[in-house]
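As structure tokens, the structure follows; a few thoughts come after it.
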Amino acid sequence: MKKEQLKKIISVFNKQNGFAHTKDILATGVHFRKISELKEEGIIVKIKRGLYRLSDNDFEENNEILEVTKIVNNGVICLLSALNYYELTTYNPWEYYIAIYRDSTKPKIPEYPPIKLLYFSKRQYDTGIEKIRIDGHEVKIYDREKTICDCVRYRNKIGMDTFKEAIRTYLASKEKNISKLMKYADILGVKNILRDYLEVLV
């Protein structure tokens with residue numbers, strides 16, 4: 001591949017913070033088969049059908065979540081992954097926990113990165129979504145209070161030790177918002193259970 005052509009392709013990725021769709025690459029004037037050559041040469045990496053990223057980008061730790069959010073377009077970071085992001089747990093999950101609306105189209109999940117999908121009702125899905133930016137990309141994640149409420153609901157799934165650690169760490173945080181926490185708990189039907197644990201753990 002000519003250097004000028006390669007520069008154009010890399011420029012497309014750089015303009016989109018390291019990601020590009022097939023149509024974006026083809027718009028530079030390259031033939032479709034050149035995309036396969038770029039993959040074979042290790043210049044780009046396929047994320048899912050029709051979506052690629054530059055292979056020389058550093059996608060470690062939090063940045064790897066970008067790949068996950070590209071795979072699950074309407075997903076929201078939740079549970080253990082959200083706890084980890086907010087540093088409310090010392091546990092480092094080996095898979096990404098992503099919530100989607102249960103009536104939405106189910107995404108095709110690749111073998112890597114490892115993704116655990118949770119199917120939420122509309123009320124459970126819509127409550128507490130926060131938008132953060134990672135390397136120029138918008139990423140949806142549940143805020144601290146919604147994450148704690150989800151942990152109450154899924155306490156047996158994440159483990160009681162992790163659940164209790166999350167609540168204690170949250171309560172010790174200067175960024176806690178108890179009124180919002182209880183409001184969410186009421187909306188999500190876990191208020192009484194949460195109150196019982198707060199009385200014991202505080």
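The numbers here are math on the coordinates, done by the rules we state, and not lab data. Predicted model only: the values in this text are computed from it and were never measured. No Cβ is skipped: glycine too gets one built from the backbone with ideal geometry, and neighbour counts run over all protein chains shown.
Where Rh is the Kirkwood radius over the Cα pairs of segment 3-54, the temperature 25 °C and the viscosity 0.890 mPa s, what D in µm²/s does Stokes-Einstein return? Before the final figure, lay out the partial values.
Details: Rh = 10.6 Å.
D, rounded to a whole number, is 231 µm²/s.
Quick check on segment 93-202: what does the Kirkwood estimate of hydrodynamic radius come out to from the alpha carbon pairs, in Å? Please list the in-between numbers first.
On the way: mean 1/r = 0.0659 Å⁻¹.
Averaging 1/r across every pair of different Cα atoms and inverting gives 15.2 Å.
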Item checked: Computed lengthening from K157 to T28, 0.36 nm per intervening residue step minus Cα-Cα distance -> 41.7 nm
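Can you give the local net charge around V12? Use residues other than it whose beta-carbon is closer than 14 angstrom to its beta-carbon, Lys and Arg +1, Asp and Glu -1.
Values: positive: K7, K8, K15, K23, K34, R53; negative: E4, D24.
Every neighbour counted, the sum reads +4.
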Next item on the list: Compute the Cα gyration tensor for segment 126-189, then decide on rounded, prolate or oblate, letting a ≥ b ≥ c be the square roots of its eigenvalues: rounded whenever a/c is under 1.5, prolate when a/b is larger than b/c in the other cases, and oblate in all that remain.
Entry: prolate
Next item on the list: For Rg and Dmax of the Cα atoms in Å, several values are listed as [x] 17.6, 56; [y] 18.3, 56; [z] 20.0, 68; flag the one computed from this structure.
Entry: [z]
Check: In the calculated pair distance distribution of segment 72-135, what percentage of Cα-Cα distances lie above 14 Å?
Finding: 60
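Excluding the sites themselves, what is the longest stretch of the chain that contains no trypsin sites (Lys or Arg not before Pro) in a DSSP loop with at most 11 other C-beta atoms within 10 Å?
On the way: sites that count: K2, R49, K108, K174.
Counting only loop sites that pass the neighbour cut-off, the longest clear stretch is 109-173.
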Item checked: Most positive-pole-ward Cα, T22, G42, L54, against dipole of segment 3-54 from beta carbon charges -> T22
